[in-house]
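All remarks here apply to the structure that follows.
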Amino acid sequence: VYLFCKLSRNDTEPIILEGKCLVVCDSTPSSEPAGNALGMSVRSGSGRVAFSASRQTNHEPTDMSNRTMIIYFDNILVNVGTHFDQESSVFLAPRRGVYSFNFHVVKAYNRQTIQVSLMVNGWPMISAFAGDQDVTREAATNAGLVIMEKGDKAYLRLERGNLMGGWKYSTFSGFLVFPL
């Protein structure tokens, strides 16, 4: 994504000014909403990458057939660029860049500990833990930035415990901050 400047509406090719930016300048901003005195709009073209998903049911590892401990998300809220695969619940990086991920999971039972890790290509990058034995609906949450290469895979793995999914308490989101 680059900074473009349209000199007139008849110009078909934008002029690349410099760097990686999300701003498009238009010297004739009549199509812009009122109140935009600079005639600027935010656009990132095909560089848009974002997803957010939730679980609608509890996640019981003993019920899983594949034993990978991947947390599956059955409700897609946003999938701009379609890089999050709902069936596998794996995000596939479309390009090298800095990505932001966050997750929020709620344990299903008291007297239980849950631990969840954000995995990139099979390696834990960040983890979250909830282990208060007297609290039933305790949450484990974390967020972080990760440099990913094109084709890298990110997903959540349940290290221990059972997750609450009803009412969409457990979520996983990510987006491309900027390409490298």
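Just to verify a result, which residue in the stretch 98-121, among those that are open to solvent by 30 Å² or more (accessible area, probe 1.4 Å) and modelled with pLDDT of 95 or more, is nearest to Lys150 (Cα to Cα)?
So, considering only residues that are open to solvent by 30 Å² or more (accessible area, probe 1.4 Å) and modelled with pLDDT of 95 or more, the one nearest to Lys150 (Cα to Cα) is Asn121.
Are any of the residues in the stretch 28-43 surrounded by 15 or more Cβ atoms within 10 Å (Cβ to Cβ), at negative phi and at pLDDT 75 or above?
no
For the stretch 135-144, indicate whether the set of residues that are hydrophobic (A, V, I, L, M, F, W, C), assigned to a loop (DSSP other than H, G, I, E, B) and either over 16 Å from Leu92 (Cα atoms) or at pLDDT 95 or above (or both) is non-empty.
yes
The values are calculated or read from the model by the stated rules, or taken from the named source; none is laboratory data. This structure is a prediction, so every number in the text was calculated from the model and none was measured. No Cβ is skipped: glycine too gets one built from the backbone with ideal geometry, and neighbour counts run over all protein chains shown. What goes into the accessible areas is simple: the full protein's heavy atoms, side chains included, and nothing from ligands, DNA or RNA. Shrake-Rupley method; radii C 1.70, N 1.55, O 1.52, S 1.80 Å.
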